[in-house]
Amino acid sequence: MVSFALSGVGVSGGIAIGRAQLVSHATIEVSHYTIPVGKVDTEIARFSNAVKEVQKELEGLHLALTGGDVPGEFGAFLDVHWMILTDPTLSEAPKRLIAEQRCNAEWALTQQLSVLVEQFEQIEDPYLRERKADIVQVGERVLKRLMGKPGSLPAAVAEEQTILVAHDLSPADVIQFKHHHYGAFLTDVGGVTSHTAIVARSLNVPAVVATHNARQLIRDSEMLIVDGNAGVVIINPDRAVLSEYRLKQSQIELERQKLKRLRTKPAETIDGVRIELHANIELPEDVAQTLENGASGVGLFRSEFLFLNRVGLPTEDEQFEAYRAVAEGMHGHPVTIRTFDLGADKNVQGLDGLARVAPNPALGLRAVRFCLAEPRLFLTQLRAILRASHYGKVRILIPMLASSSEIEQTLFMIEQAKESLREQGVPFDSGVEVGGMIEIPAAVIAMDAFVTKLDFLSIGTNDLIQYTLAVDRADEAVAHLYDPLHPAVIRLLAMAIGTAAKAETPIAVCGEMAGEVQLTRLLLGLGLRNFSMHPAQLLAVKQRVLTSGMTASKHFVDRIRRADSPDKIAALVDKLNAL
Ligand code: PEP
Ligand code: MG
């Protein structure tokens, strides 16, 4: 077996050692394994039989339709599927792939499906473009047949030793992994602060994205080492490399265990400045991890994640139960519920407003814009949050605000929700605080409206960087341009924290920068006193806070604010961290 390495972008630290499991493009997961030379013809025959069986299946369906009380479109629909199935691009091309690559039939078919889907995505005509869904459906029929009669599938391994390898994973895919214990995952595409990466970090498993072609090069069941810190993947490592990484793995585990001792220690700098360390969560069940890591509150509950793997949004009661569970679970500590940040990479099936593909989703109908465009949906969520405020210290956080009119419209909606609850005699905390996320440069530059109209602020650095530098946070092609240490980002942060301090409006950072230990001292030096991050990072950041002093860092932070290049800033941050 050939040993080789791939590099990508490490988005979640730690080391995992385990076996690869490939996740396919189609909704069905397929394996990828090598066929012995003498078995290639048998594999091709297995594929041909599966295609024939699906042909019979379609013929049977057609027969069942004739004479019945069934609309004519169904017949036409089956005809389209028949044509797709018998087209050589689907029924012949995979055979060639099996022979050339000596791969299993399922893998050959999924590869060919990916090619066809990509071709259809380039088609201008929207009707024809939509036919790609039919291709996937036909392909999946054949895949199911193949999987019902598998070839020599590799043996299954425990989840903890399973490393998922995918071309791409959506935030909705990754959130489902909360119910599994996979060892790590790798994707061909993705950026450091894509929501997929963020959820990987919250799962506390190593993850490497932007590997470009991991899914093509790695085979099912191959032994892998994933180094999430270095962004490196080693395929089929030899024994020496394996034992070196096993040692590293146990050292990391030892460090993690040591950090646990800090759980109940107050987060204070050497000079006695008290720092709030809050947690970012996606689901109510994350409260357990939040408390385990000693967070003094929830600084960001990404409420939209609750509802990703379903059709449509949940009822007010369902939402209320979820919010109440978090409010009660945090025992009086603040719980900051961010209203739905849907759109861009987080879509919900069945919501008309999100059905169309926006020309540029990150600049489109996302977050508060979407909520204001769908007032009924927004009111339902606001009522559910307000009802939960009766059971703990709940705060409302509005994402992606850009202007004072959006703030006013939102506050008006909150008043309406309160009024309707009052009329029905439903209890809620009438003093519930309302905050805004600072994620758009315009919000920093014109922050006076924010500090006068809102009770608190939270800087979403993931989006603030994306919108300041015009770099799509989920696109690996520009991942190298995504830089938290760009002078424009640092100056905007300094400006936001400074303006809020002057107005005595509490401000936090809840983007990924807050959980980055290398940036803790910089943020402290810029005046930040409230950090919100995924719980797994909390104790490491606390450790850094405990060894940091404000006075000593002042000189470096002043120079950082004036520096004119990311390199100079990075060098100064290194010096700051070495103090
Ligand atoms: C951010 O943009 O920094 C943020 C915290 O929100 P999200 O990552 O969910 O967009
Ligand atoms: Mg954001």
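The values are calculated or read from the model by the stated rules, or taken from the named source; none is laboratory data. Remember, it's a predicted structure, so these values are computed and weren't measured experimentally. As a convention, Cβ positions derive from the backbone with ideal geometry for all residues, glycine included, and neighbour counts pool all protein chains shown. The accessibility values were calculated without ligands, DNA or RNA, using every heavy atom of the protein model including side chains. Shrake-Rupley method; radii C 1.70, N 1.55, O 1.52, S 1.80 Å.
Is it true that residue 196 is of a type in the set (S, T, N, Q), within 16 Å of ligand 1 (Cβ to nearest atom), in contact with a strand residue (DSSP E or B) (Cβ under 9 Å, 6 or more places away or on another chain) and under 23 Å from residue 484 (Cα atoms)?
Against the criterion (of a type in the set (S, T, N, Q), within 16 Å of ligand 1 (Cβ to nearest atom), in contact with a strand residue (DSSP E or B) (Cβ under 9 Å, 6 or more places away or on another chain) and under 23 Å from residue 484 (Cα atoms)), residue 196 qualifies.
Would you check if residue 209 is open to solvent by less than 60 Å² (accessible area, probe 1.4 Å) and under 19 Å from the mean Cα position of the chain (by Cα)? Spell out how you get there, then give the answer.
On the way: open to solvent by less than 60 Å² (accessible area, probe 1.4 Å): yes; under 19 Å from the mean Cα position of the chain (by Cα): yes.
So residue 209 passes the test.
Enumerate the pairs (first residue in segment 407-422 and small (Gly, Ala, Ser); second residue anywhere and part of a helix (DSSP H, G or I)) with beta-carbon separation below 8 Å, excluding pairs fewer than 6 apart on the same chain, so at least 6 apart or on different chains.
Cβ pairs passing all conditions: 417/379; 417/382; 417/383; 417/386; 420/379; 420/383.
Regarding segment 530-544, can at least one residue be identified that is under 24 Å from residue 444 (Cα atoms) and of a type in the set (Lys, Arg)?
No, segment 530-544 has no match at all.
Among (1) modelled with pLDDT of 95 or more; (2) in contact with an Asp or Glu (Cβ under 8 Å, 6 or more places away or on another chain); (3) of a type in the set (A, V, I, L, M, F, W, C); (4) within 13 Å of ligand 1 (Cβ to nearest atom), which single condition is residue 513 missing?
Single failed check for residue 513: (2).
Filter segment 553-579 down to residues that are without any contact (Cβ under 8 Å) to a residue 60 or more places away in the chain, among the small types (Gly, Ala, Ser) and either under 29 Å from residue 266 (Cβ atoms) or open to solvent by less than 20 Å² (accessible area, probe 1.4 Å) (or both), then give me how many there are.
2
Quick one: what pairs do we get from segment 452-478, first residue basic (Lys, Arg), second open to solvent by 40 Å² or more (accessible area, probe 1.4 Å), C-beta under 8 Å, 6+ apart or different chains?
Qualifying pairs under 8 Å: 453/404; 453/408; 453/411; 473/192.
Could you look through segment 462-507, keep only residues that are in contact with a strand residue (DSSP E or B) (Cβ under 8 Å, 6 or more places away or on another chain) and over 25 Å from residue 434 (Cα atoms), and pick out the one that is least open to solvent (accessible area, probe 1.4 Å)?
Per the stated criteria, the residue is 479.
Working carefully through the options 367, 322, find the one that is open to solvent by less than 20 Å² (accessible area, probe 1.4 Å), within 13 Å of ligand 2 (Cβ to nearest atom) and at pLDDT 85 or above. Let's see the steps before the verdict.
Values: 322 fails: within 13 Å of ligand 2 (Cβ to nearest atom).
Only one candidate qualifies: 367.
Among the residues of segment 464-494, write down those that are among the small types (Gly, Ala, Ser), outside any helix (DSSP H, G or I) and more than 13 Å from ligand 1 (Cβ to nearest atom).
Scanning segment 464-494 gives a single hit, 470.
Filtering segment 497-517 down to residues that are under 20 Å from residue 541 (Cβ atoms) and part of a helix (DSSP H, G or I), which residue is nearest to ligand 2 (Cβ to nearest atom)?
Here the residue is 512.
Go through segment 173-284 and tell me which strands (runs of 3 or more DSSP E), entirely inside it, have 3 or more residues that are of a type in the set (A, V, I, L, M, F, W, C), away from ligand 2 (no atom under 16 Å from the Cβ) and in contact (Cβ under 8 Å) with a residue 12 or more places away in the chain.
Hits in segment 173-284: 184-187, 207-209, 223-227, 232-235.
Out of everything in segment 427-447 that is away from ligand 2 (no atom under 16 Å from the Cβ) and of a type in the set (Gly, Ala, Ser), what residue ends up being surrounded by the fewest Cβ atoms within 10 Å (Cβ to Cβ)?
Among those that are away from ligand 2 (no atom under 16 Å from the Cβ) and of a type in the set (Gly, Ala, Ser), it is 431.
Quickly run through segment 262-276 and pick out the residues that are open to solvent by less than 60 Å² (accessible area, probe 1.4 Å) and over 13 Å from residue 295 (Cβ atoms).
Result: 269, 272, 273.
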